[in-house]
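The values are calculated or read from the model by the stated rules, or taken from the named source; none is laboratory data. Because the structure is predicted, anything quoted here is derived from the model rather than measured. Glycine gets a Cβ as well: all are built from the backbone with ideal geometry, and neighbour counts include every protein chain shown. To get the accessible areas, we keep the full protein, side chains included, count just its heavy atoms, and leave off ligands, DNA and RNA. Shrake-Rupley method; radii C 1.70, N 1.55, O 1.52, S 1.80 Å.
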Amino acid sequence: MTDPRLDSLLLACPGLRLKTDPADLEHYGRDWTRRWTPAPLAIALPGTVEEVQAILRWATAQGVAVVPSGGRTGLSGGAVAAHGELVLSLERMNRPLAFDAVDRTLTVQAGMALEAVHNTALEHGLIYPVDFAARGSCSIGGNIATNAGGIRVIRYGNTREWIAGLKVVTMAGELVELNKGLIKNSSGYDFRQLLIGSEGTLGVIVEATLKLTDPPPASNVMLLALPSFEVLMQVFAAFRERLQLQAFEFFTDRALEHVLAHGAQAPFDEVHPYYVVTEFAAGDGAQEAAAMAAFEDCMEHGWVSDGVVSQSDAQAAQLWRLREGITEAVARYKPYKNDVSVRISAMPAFLAETQALIGQAYPQFEVVWFGHIGDGNLHINVLKPDETADAEFLTQCEHVTKLLAGVLARFDGSISAEHGIGLVKKGYLDSTRSAPEIALMKAVKRAFDPQALLNPGKVFDL
Ligand code: 2HG
Ligand code: ZN
């Protein structure tokens, strides 16, 4: 072990598992953004809450910066360690701890993968309903730290709605229990909600008590082809009026092209400019009839040009793949990602304006549009042209984001709907949050972490 600080860490936390191999530093020092060169001091892999406390006490005493680390599937650089920080990986703390049938809660360690949480809930006949494509690799602690959204927000809300309690270790090494699984608790500030979405800047989440609910009946998935995006909201209204929607997702022909090139099966013989994937309860005659009525209504109005409904679970998975496979299918083009939201009602106007703006400023760009349109959340992926150098592409994309931030400010939208601010969007935070709000955020950060050692430089610079 080369750095003497690590000897003192092992004295403070005897038996702590540490990794310092260059390959490990590289692996744990980055997330899915791939923009920064990882350069952590070392990787600490505690196995207990007490070890997390000892690490943070040591870091505070030594003035060492710490980056909390889950599955590192984030898209905003929130888990990047590029400046000699100690990475605190929760990956060994990945077990379910307790299930309570009366409270309908599942208490888990923060390093548990979302998919493992889903499976454990199902073993008890219940579901944890937050879901998205990275389910196999992301960790529940990371989901909570970013208030992750995903494909079922329209039905169940964000991660925020599903957290009954948190155990958090502060930089002082203190363990705080937030809300303790209570449903009603009007005893002052709700630090649980403050920690949710704080992107690892206020404390390290070590355990979470998750709310569970009844599984929905089996679901049907319908893929719709749309002639234009102007009709998107009419289609949404037609379906939402008649059905309890579990998802309402959108993507363009460009997005589909990439997923097909990546091995998915074409859903229709013809190409259409826009597509929607929607999900609703199956095996319920009334829901199915309502879905058909909505579809026919849309066809009559010319809002929909074609459609297909899943006839089996396998076909439902195939249709979902067309939407969930987009991120992976475009990954090889090193896309610059924007994850924005506006009120649902403003979506068509916002889409028209931003499409025109980007098209005029950078006509050479291939832009892949998709997202959780039923929540007003759009993912805008700008693909890097092969001939453009990385640095030049980044400068151009930063300019695009600046333009986008201007439009968002006018629409009262958000520069990050569900991925977080991290490093990627901190320069644009003021398009969404006012100066007094940002000042309050900084004051809160100082109260939790006076030396600014926890995930420094993420969300804002102090
Ligand atoms: C999704 O909705 C994820 O698939 C990823 O939030 C979005 O890759 C993206 O831009
Ligand atoms: Zn998303």
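Under 5 Å from the amide H of N220 lie the amide H atoms of F280, A281, A282, each residue being 5 or more positions distant or on a separate chain, with H modelled from the backbone and absent for Pro and chain starts.
Rolling a 1.4 Å probe over the protein heavy atoms gives the chain an accessible area of 42 Å² per residue. Residues whose amide H lies under 5 Å from that of R152, counting only those 5 or more places away or on a different chain, are D131; hydrogens are built 1.01 Å from N in the peptide plane. Positive-end ranking of C138, P217, A172 along the dipole of the range 129-237, with charges on Cβ about the Cα centre, is headed by P217.
Amide H contacts under 5 Å for G181: G165, L166, restricted to partners 5 or more places along the chain or on a different chain, H placed in the peptide plane at 1.01 Å from N.
In the range 1-66, the convex hull through the Cα atoms has an average projected area of 4.8 nm², a quarter of its surface area. Over the range 352-462, the alpha carbon radius of gyration divided by the compact-protein estimate 2.2 N^0.38 Å works out to 1.21. By DSSP, the beta bridges lying fully in the range 43-126 are antiparallel in about 40 percent of cases. Using only alpha carbon pairs under 8 Å that are at least six residues apart, calculate the relative contact order of the range 96-211 and give it in whole percent. Value for the range 96-211: 30 percent. Between A439 and A23, residue separation times 0.36 nm minus the direct Cα-Cα distance comes to 145.9 nm. Phi angles of the range 232-238 translate, via the Karplus equation with coefficients 6.51, -1.76, 1.60 and θ = phi - 60°, into HN-Hα couplings of 3, 6, 5, 5, 4, 4, 4 Hz per residue; Gly and Pro are given as x.
Any idea what the dipole of the range 4-92 comes to, in debye rounded to 20, about its Cα centre with Lys/Arg Cβ at +1 and Asp/Glu Cβ at -1?
On the way: 9 positive and 9 negative charges, 37 e Å.
Value, rounded to 20: 180 debye.
Please list K334, K211, K402 from largest to smallest accessible area, probe radius 1.4 Å, with all protein chains kept in place.
On the way: K334 115, K211 75, K402 140 Å².
Ranked from most to least accessible, the order is K402, K334, K211.
In the range 423-462, the convex hull through the Cα atoms has an average projected area of 2.6 nm², a quarter of its surface area. Longer than 30 Å from Cα to Cα, which of K402/K442; K167/K458; K180/K426; K402/K458; K167/K402 are they? Say none if no pair is. The answer is K180/K426; K167/K402. Pairs of C-alpha atoms in the chain farther apart than 31 Å represent 44 percent of all such pairs. Rounded to the nearest whole Hz, the Karplus-based 3J(HN,Hα) values (6.51 cos²θ - 1.76 cosθ + 1.60, θ = phi - 60°) of the range 39-55 follow the sequence 8, x, 5, 6, 10, 9, 10, x, x, 9, 4, 4, 5, 4, 4, 5, 5, with x at glycine and proline.
The magnitude of the dipole of the chain, with charges of +1 and -1 set on the Cβ of Lys/Arg and Asp/Glu and taken from the Cα centre, is near 1420 debye. Please work out the FRET efficiency for the pair R34 and L403, using the Cβ-Cβ distance as r and a Förster radius of 22 Å; give the result to the nearest 0.05. With a Förster radius of 22 Å, E is 0.40. Each Cα pair under 8 Å and six or more residues apart adds its sequence gap; the mean of these over the residue count of the chain is a relative contact order of 15 percent. DSSP bridge analysis restricted to the range 4-92 gives an antiparallel fraction near 20%, rounded to the nearest 5.
Note that the range 378-384 has calculated 3J(HN,Hα) couplings of 10, 9, 10, 9, 9, 8, 6 Hz, one per residue in order, obtained from phi through the Karplus relation 6.51 cos²θ - 1.76 cosθ + 1.60 (θ = phi - 60°); glycine and proline are x. For the range 335-418, the relative contact order comes to 46 percent (Cα pairs under 8 Å, sequence separation of at least 6). Which residue, chosen from W58, L25, P46, occupies the Cα position most advanced towards the positive end of the dipole of the range 23-78, where the dipole is computed from +1 (Lys, Arg) and -1 (Asp, Glu) charges on Cβ about the Cα centre? Towards the positive end, the residue furthest out is L25. Counting only aspartates and glutamates at least 8 places from K384 when in the same chain, those with an alpha carbon closer than 20 Å to its own are D31, D253, E257, E328, D339, E366, E392, E398.
Considering only protein heavy atoms and a probe of 1.4 Å, how much of the accessible area of the chain is carbon and sulfur, as a whole percent? Looking at the chain in its full context, I get 51 percent from C and S. Only helices enter this figure: runs of n ≥ 4 DSSP H residues, each worth -39500 (n - 2.57), summed and divided by the residues of the chain, yield -10500 deg cm²/dmol at 222 nm to the nearest 500.
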